[in-house]
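Here the structure is laid out as structure tokens; the discussion comes afterwards.
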Amino acid sequence: MRGGHYQLNLVQFCLEAGTYTVSRLFFYLRAMNSNRISVEELHSLTAKEPVCMLDTRPASAFVQGFIPGSLSVGSSAKYDKWIVDTTGEPMVVLISEAGKEDEAINRFRSAFPSITWSVLDGGLAAWEKASYPLDMIIEVEADELALDLPHDPNLQIIDLRGEEEFEAAHITKAQHIPLAELVDLATIANFDENQQLYLHCGGGQRSILAASLIKRQGVHNLRVVAGGFDAIQQERSIPITRKPDHS
């Protein structure tokens, strides 16, 4: 009974303080008792307000279809800390492959115990089965970029790599926006709605994460160059600017 009394006091305090809405409080209290959230619960929650959702599936699966607004963190833990620090959310829903829900939540809960973690029961497959909407990311090959580059005046290449990578070699006239700068909403707001954004990083993972960050803010006129700069350098018709000692 004392536990129930504590939860009721927590609800009253948070509502009076304006910390959480009723729906977010429900999610928080639900996660205290179970680390799984049903498709119906998640759909209801996302319909009312933005929810921080991290998709742990491989990037190759993410581009084919994902829950609108979710961010691709991939199957590697390489960018986990960065994305958790970036979102700054106290409550997060993980989207995994079906059957890997426990693996996904253990990966994050052990590393970031101060956050309330929940995982979608049944993974993305359950969301698809319920016929709820999906988003996707268009990938293009480097040779497709080479064909579009001379003919589309609205095409804007966004290079997401680090400073040293960019200075060593980059597509001529590419705009350099390191991945870390995309946490600034003003950076995303500066994209023109008429621009056709072509994102690339070194090998592919950062560009998928970047695309999901940009799409989360409602910008959808983008494509990702498959294989990143590694693939771009193999396409001789794409103009590259290099440092003299990197020619």
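Amide H to amide H distances under 5 Å link residue 224 with 138, 139, 140, 199, where only residues 5 or more positions off or on other chains count and H is placed in the peptide plane.
Counted over the range 139-242, the DSSP beta bridges are approximately 20% antiparallel.
With angles folded into 0 to 90 degrees, how steeply does helix 39-48 sit against the dominant principal axis of the chain? Use alpha carbons for both and round to 10. Value to nearest ten degrees: 80. Computed over the range 35-129, relative contact order equals 34 percent, with contacts defined as Cα pairs under 8 Å that lie 6+ residues apart.
Between the Cα long axis of helix 2-17 and the first principal axis of the chain there is an angle of about 50°, rounded to the nearest 10. Using a cutoff of 8 angstrom between alpha carbon atoms and counting only pairs six or more residues apart, the relative contact order for the chain works out to 18 percent. Each of (1) -0.46, -0.71, -0.95, -1.10; (2) -0.36, -0.64, -0.94, -1.15; (3) -0.51, -0.73, -0.92, -1.06 is a candidate for log10 I(q)/I(0) by the Debye sum over Cα atoms at q = 0.08, 0.11, 0.14, 0.16 Å⁻¹; the one calculated from this structure is (2).
Taking R0 as 41 Å, what's the FRET efficiency between residue 129 and residue 233 from their Cβ-Cβ distance, rounded to 0.05? Efficiency at R0 = 41 Å is approximately 0.50. Highest mean first, the peptides 184-193, 87-96, 170-179, 223-232 sorted by other C-beta atoms within 10 Å per residue fall in the order 223-232, 87-96, 170-179, 184-193.
Placing +1 on the Cβ of every Lys and Arg and -1 on the Cβ of every Asp and Glu, with no other charges, gives the chain a dipole of roughly 800 debye about its Cα centre. If you fit an axis through the alpha-carbon atoms of helix 205-216 and take the longest principal axis of the Cα set of the chain, what angle between them do you get, 0 to 90°, nearest 10? The angle comes out near 60 degrees. Of the peptides 141-147, 201-207, 130-136, 106-112, the order by per-residue mean of other Cβ atoms within 10 Å, starting with the highest, comes out as 201-207, 141-147, 106-112, 130-136. Here r is the Cβ-Cβ distance between residue 47 and residue 147 and R0 is 45 Å; the resulting FRET efficiency, rounded to 0.05, is 0.65. Residue 54 sits among other residues whose Cβ lies under 11 Å from its own Cβ, and their net charge, with Lys and Arg +1 and Asp and Glu -1, is -1.
Working note: Karplus 6.51/-1.76/1.60 with θ = phi - 60° gives the range 147-164 the couplings 6, 6, 3, x, 10, 10, x, 8, 6, 10, 8, 10, 9, 9, 6, x, 4, 5 Hz, where Gly and Pro are set to x.
Computed over the range 139-242, the P(r) curve from all C-alpha pair distances, binned at 5 Å from the origin, holds 2, 13, 27, 27, 19, 10, 2 percent per bin. Between the alpha-carbon centers of the range 67-128 and the range 168-237, tell me the distance in whole angstrom. Computed from Cα coordinates, the inter-centre distance equals 23 Å.
Laboratory data are not the source of any read-out in this text; all were calculated from the coordinates shown. Just so it is clear, the model here is predicted, and its values are computed rather than measured. So basically every Cβ, Gly included, is an ideal-geometry build from the backbone, and we count neighbours across all protein chains shown.
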